[in-house]
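Just so you know, all these numbers are worked out from the coordinates, no wet-lab data involved. Bear in mind that the values here come from a model prediction, so they are computed numbers and not experimental data. FYI the Cβ positions are ideal-geometry reconstructions off the backbone, even for glycines, and counts take in every protein chain you see.
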Amino acid sequence: MSNQFVDSVMEKVVARNAGELEFHQAVQEVVESIAPVIERNPEFARAKIAERIVEPERQILFRVPWADDNGQVHVNRGFRVEFNSAIGPYKGGLRFHPSVNLGIIKFLGFEQIFKNALTTMPIGGGKGGSDFDPKGKSDNEVMRFCQSFMSELFRHVGPDTDVPAGDIGVGAREIGFLFGQYKKLTNTFTGVLTGKGLDWGGSLVRTEATGYGTVYFVTRMLEARGKDWDGLKVVISGSGNVAIYATQKAQALGAKVIALSDSNGYIVDNDGIKLDTVRQIKEIRRGRIKEYVEEHPSAEFHEGWEGIWTVPCDVALPSATQNEIDESAANTLVKNGCIAVGEGANMPSTPEAVKVFLDGGVSFGPAKAANAGGVATSALEMCQNSMRLNWTFEEVDRKLKDIMDRIYTQCVEAADAYGCGGNLVTGANIAGFLKVARSMTAQGIV
Ligand code: GLU
């Protein structure tokens with residue numbers, strides 16, 4: 001029955017969503033994990049929960065025209081996929097990157113359903129973005145693009161309907177421009193976006209939350225092996241928001257972070273990455289990671305981002321983008337003695353790589369669980385906006401830590417309950433699915 005169930009769901013998903021490979025990949029993993037849940041809960045099969053959950057509730061595609069600083073007109077595509085609202089308003093980031101297409105947004109939106117359910121907060125799943133590339137654009141160009149994007153998106157979102165946030169290419173600057181345009185068009189000041197500035201409704205810790213959360217989650221994985229971070233060598237891919245704050249927290253807990261990357265290549269600093277330099281380059285100058293070696297000549301820069309996985313380490317935190325660790329990179333990590341992998345990015349390991357880690361005895365924290373701290377803190381930002389209050393850094397950080405602990409426990413318990421103890425991939429998928437499936441069943445055929 002299990003194989004038959006997986007095949008029949010996947011056959012339809014592939015036929016209906018032709019060419020959307022990342023979406024197929026994300027669905028396949030979840031459907032395989034939940035097959036035994038459907039078998040044990042016939043009411044989910046009767047209500048066709050699996051067949052319904054793979055179909056977005058609503059998909060919005062729109063034209064985003066804008067003019068550059070020379071008056072040239074450009075046309076980008078805008079997306080918002082409102083995937084599932086069974087447990088709360090749609091929630092998930094916006095990604096601005098040239099690789100964005102409908103399949104990418106659907107894979108991200110689908111993952112978000114289960115991730116958001118795991119956070120224990122009342123948030124549904126959604127995702128959006130554009131194939132616009134903020135890299136190399138002036139602040140004014142980015143502002144005009146964001147205003148044009150929101151001129152369409154505003155009619156579909158709202159603090160109780162759909163609450164976007166950032167993702168790759170969408171940070172504090174973009175959220176500011178998007179918020180300003182929403183406020184102007186609707187004449188309302190509401191928590192319609194998260195990741196807002198601290199002076200206008202943002203939450204402390206939101207900037208740090210994804211990276212910190214990933215490290216908190218991996219802390220629990222290490223504890224289960226009788227270890228802590230002290231003295232461990234850590235390789236973190238990426239050098240954006242997730243990578244920077246994962247580095248900060250891992251270093252604070254005594255780890256030695258020795259490598260970071262961007263799409264051009266990676267740096268290795270065996271004395272430990274100097275985070276102030278990285279933040280100066282990435283957050284202030286919006287520069288490239290290779291500039292690091294100009295200030296720290298004993299560090300090395302290597303062309304090609306893939307090579308980062310050849311750097312021997314105890315812990316790897318892939319925090320750049322999807323499918324950045326393939327089977328051969330995973331084999332290299334295992335061969336070099338890596339004992340734990342925590343996914344800071346969304347779906348950074350291919351299915352073959354995940355298998356290598358699980359078979360190789362590596363503790364593996366899947367993205368849905370390990371990087372859920374970002375969206376969980378977005379939900380805490382929504383709470384504060386509703387109450388018109390602000391919590392202190394310590395309060396939000398304590399809540400984030402509690403949430404990451406609860407996510408870890410849910411994954412472990414669900415894996416145990418379904419006879420695959422230690423497999424946090426299956427555990428995360430099952431625990432996230434159960435909450436959404438129960439809610440969908442209770443709410444009828446909608
Ligand atoms: N883009 C982040 C994620 O992948 C955060 C989404 C949010 O805060 O809504 O979970």
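At-a-glance table
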quantity: Potential extension, Q4-L198 segment - 0.36 nm per residue separation minus Cα distance; calculated: 64.8 nm
quantity: Electrostatic dipole magnitude of the chain [Cβ: Lys, Arg +1; Asp, Glu -1; Cα centre; debye, to 20]; calculated: 1180
quantity: Chymotrypsin sites (Phe, Trp or Tyr not before Pro) restricted to region 157-238 and DSSP loop, no more than 16 other C-beta within 10 Å; calculated: F189
quantity: Helical contribution to [θ] at 222 nm, DSSP H n ≥ 4, -39,500 (n - 2.57), averaged over the chain, rounded to 500; calculated: -15000 deg cm²/dmol
quantity: Cα centre as origin, Lys/Arg/Asp/Glu Cβ charges: region 213-328 dipole, Debye; calculated: 400
quantity: Cβ-based charge dipole, the chain, positive-most Cα from A369, N84, Q322; calculated: N84
quantity: Point-to-point label distance, R398-A417, nm (Cα→Cβ direction, 7 Å offset); calculated: 2.9
quantity: Fluctuation leader among A316, A18, A353 - the chain, Gaussian network, Cα springs under 10 angstrom; calculated: A18
quantity: Spin-label pair K335/L275, simplified geometry with 7 Å Cα→Cβ offset, distance in nm; calculated: 3.3
quantity: Cα-centred dipole magnitude for region 1-106, charges only on beta-carbon of K, R (+1) and D, E (-1), debye, nearest 20; calculated: 320
quantity: Potential lengthening between K12 and T441 on full extension [0.36 nm per residue; Cα-Cα distance subtracted]; calculated: 152.3 nm
quantity: Positive-end extreme of charge dipole, the chain - chosen from H97, S33, V436 (charges on Cβ); calculated: V436
quantity: Stretch gain in nm, segment M387-E283, where the contour uses 0.36 nm per residue and the Cα spacing is subtracted; calculated: 34.4 nm
